[in-house]
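Read the figures in this text as sums done on the coordinates, not as results from a lab. A quick note: this is a predicted structure, and the numbers were derived from the prediction, not measured. No Cβ is skipped: glycine too gets one built from the backbone with ideal geometry, and neighbour counts run over all protein chains shown.
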Amino acid sequence: MVYRIHASDRTAFKRCRRDWDLSSPHRQNLEPVPRPGSIDVSKAVRDALAVYYFPGMWEWDRAIVQPLVHQALDRSVRGQAKAAPDDQVQQETLDWGHALLDAYAAWAPTVDHFTPIRIDTDFEINIPNPAMPGVNLLTADGDEVRYYDRVDLLAIDSDDAYWVVQHRLVTDSWSDHGTLELDERTIAWCWAWPQFYLGMRITGTMYNEISVDAGELGGQTPQPVERLRVRSRHA
């Protein structure tokens, strides 16, 4: 048997193993029940960006790729909206999302000085035992404990350095630099990826923050402003 620690479980696992064991939906074989009318806009945007940065289409003319990006947004929103019968909410979200993606496509080429090589890649690695260097963490019964997560984007720059990229939809203001420095999830990406993919050293993390007005979630054309946030590697 293998115990898997998902990114969403990390805080509970570090705080109290019993809390993690009893509260994690992954440990209880639970699945989220969508609330009527709820659409995860951030997830829909990430799904669309996965197509925008798809490595096999990176050299294509963006005029060819952009319709596929919009289709990915449509699939994500409509897939989530199966439990949300409010057609008006769905259409407003789609209109907002399409305007956002068009603004993003006009801006991104000015700062995307890298080449995507993987998108939405799952990884799973053994967790080292902090009390016994060189030995992996095991349960009392001898079962392996592994950390599981998904990297939004893996890219390589002109100096052949590898970066992990996290897409973030933010409102009101940019994330504080100190908050990004303490982002344990992306720190874990930098630590875990070289173990999952041997020989591929991660130089650092890029935060692709897309800032929008929190109130413009429908009915009006959003005015997005985007930028890349870069953090040095944490070993």
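Each label was represented as a point 7 Å from its Cα along the Cα-to-Cβ direction; for S158 and D102 these points are 3.2 nm apart. Look at the alpha carbon pairs under 8 Å that are at least 6 residues apart: their mean separation over the length of region 73-155 gives a relative contact order of 26 percent. Applying the Karplus relation 6.51 cos²θ - 1.76 cosθ + 1.60 with θ = phi - 60° to region 121-129 yields 3J(HN,Hα) values of 9, 7, 9, 8, 9, 6, 9, x, 7 Hz, where x marks Gly and Pro. Summarising the strand pairing of region 116-204, around 90 percent of its internal DSSP beta bridges are antiparallel. Sequence-ordered 3J(HN,Hα) estimates for region 133-140 from the Karplus curve with 6.51, -1.76 and 1.60 and θ = phi - 60° stand at x, x, 10, 7, 6, 10, 6, 4 Hz, glycine and proline given as x. Can you give the FRET efficiency to the nearest 0.05 for T179 and D141, using r as the Cβ-Cβ distance and R₀ = 35 Å? That pair, T179 with D141, gives E of 0.35.
Note on T171 and Y197: the model spin-label points, each 7 Å out from Cα along the C-beta direction, lie 3.4 nm apart.
Calculate, for M132 and W58, the FRET efficiency according to 1/(1 + (r/R0)^6) with r their C-beta to C-beta distance and R0 41 Å; round to the nearest 0.05. According to the calculation, E is roughly 0.40. For M57, M206, the sequence from fewest to most other C-beta atoms within 10 Å is M57, M206.
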